[in-house]
1. Looking at the stretch 6-30, I want the residues that are in contact (Cβ under 8 Å) with a residue 60 or more places away in the chain and over 13 Å from residue 222 (Cα atoms) and have a partner that is basic (Lys, Arg) and surrounded by fewer than 16 Cβ atoms within 10 Å (Cβ to Cβ) with Cβ atoms under 9 Å, at least 6 apart or on another chain. Which pairs are those?
2. Residues that are among the acidic types (Asp, Glu), touching a helix residue (DSSP H, G or I) at 6+ places or on another chain (Cβ under 7 Å) and over 17 Å from residue 209 (Cβ atoms): which helices (runs of 4 or more DSSP H) entirely in the stretch 79-174 hold 1 or more of them?
3. Let me confirm something: among 261, 289, 266, which residue is under 16 Å from the mean Cα position of the chain (by Cα), of a type outside the set (A, V, I, L, M, F, W, C) and over 25 Å from residue 36 (Cα atoms)?
4. Within the set of pairs 6+ apart or on separate chains, which have a first residue in the stretch 132-151 that is touching a residue at least 12 places away in the same chain (Cβ under 8 Å) and on the phi > 0 side of the Ramachandran plot, a second that is part of a helix (DSSP H, G or I) and surrounded by 13 or more Cβ atoms within 10 Å (Cβ to Cβ), and C-beta atoms under 9 Å apart?
Amino acid sequence: MLAVRILMVFVDGVGLGDPDPATNPLVRAATPTLRRLLGRPLAERAPVHTASAVLVPLDAQLGVPGLPQSGTGQAAILTGCNAPALVGRHVAAYPTRALKTLLEEQGLFIRLRRCGIATALANAYTLEYFTAVAQRRLRHAAITLNALQAGVRLRDIGDVCAGRAVYHDLTNVRLREWGHAVPVISPEDAGRHLAGLAARHPFTLFEFFQTDLAGHRRLPDPVGVVERFDRFLGATLDATDPGETMVVVTSDHGNLEDERTDGHTTNPVPALLVGAGRERVGERLRDLTDVTPACVDLLGNGGDPP
């Protein structure tokens, strides 16, 4: 039996920016959870070690000119390989053929399956999503794709109603607007649902991408998005045993943290570690490619990474 679990909370488009509330919603927002963990907002580029958490800045550019993007950034996180260097550029949004192959060979869900370690993707998907993919109006992003490659079940609206999945807006408001008969819940409820799911699996991942949408100004209230996520994270941590689980909060590229642009940034991204094994894992992290090897080693060595 594994001595430790990992819950990875992937937060799209969040870098470590300037500690200026005028330009950084992560500083302007009320974030009691993050401030309690770090003693400061989720900003600035210096590492943090407190009694509760470790924060390591991760290089997202990986030596490749240009602005980091989701396709290669997420592939780098999931595979431990320098995906932008492999394909010669930063790839936006969806994996290319080369990145799909890389994910199928070395993706995190695949690697854990080979080790006999059970995994869960906590996000919920709608019938409309699957229809759009089938009609080629939408493609799977890297995390969803790699889960499917590993045979991980994608959760649906029934799982949302049963508290066995979390929708990407945390509260189910969007699902209700689209006509789905689901309860509207609080971010705290969503956090407790995620913690309950994570307690039943050695590795669980949840993807939150409203931060990236807000950074691109496709959502109108970036401060509200940050505050909703902070409430969600706080409840998740409160319902998680820190002696048994390491919670990893990380991202693929900067975006939300600098309102002077509606595009991506070259800022480092956070690796926020809370719970079991955080110090020893934190020592191993320098850039996006270090995340998966550290997670695989932690799980494969029963919570005692070499």
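1. Qualifying pairs under 9 Å: 16/45; 17/45.
2. Helices (runs of 4 or more DSSP H) meeting the threshold: 97-106.
3. So the residue among 261, 289, 266 that is under 16 Å from the mean Cα position of the chain (by Cα), of a type outside the set (A, V, I, L, M, F, W, C) and over 25 Å from residue 36 (Cα atoms) is 289.
4. Correct list of pairs: 151/109; 151/113.
Listed here are the residues, each with its yes/no results for (1) out of contact with any Lys or Arg (no Cβ under 6 Å at 6 or more places or on another chain); (2) surrounded by fewer than 24 Cβ atoms within 10 Å (Cβ to Cβ); (3) of a type outside the set (A, V, I, L, M, F, W, C).
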site: 200; (1), (2), (3): yes, yes, yes
site: 206; (1), (2), (3): yes, no, no
site: 215; (1), (2), (3): yes, no, yes
site: 231; (1), (2), (3): yes, yes, yes
site: 239; (1), (2), (3): no, yes, no
site: 259; (1), (2), (3): yes, yes, yes
site: 265; (1), (2), (3): yes, yes, yes
site: 283; (1), (2), (3): yes, yes, yes
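FYI, it's all coordinate maths here, none of it is from the lab. If you're wondering where the values come from, they're calculated on a predicted model, not measured in any experiment. Ideal geometry is used to build each Cβ from the backbone, glycine not excepted, and the neighbour counts take in all protein chains shown.
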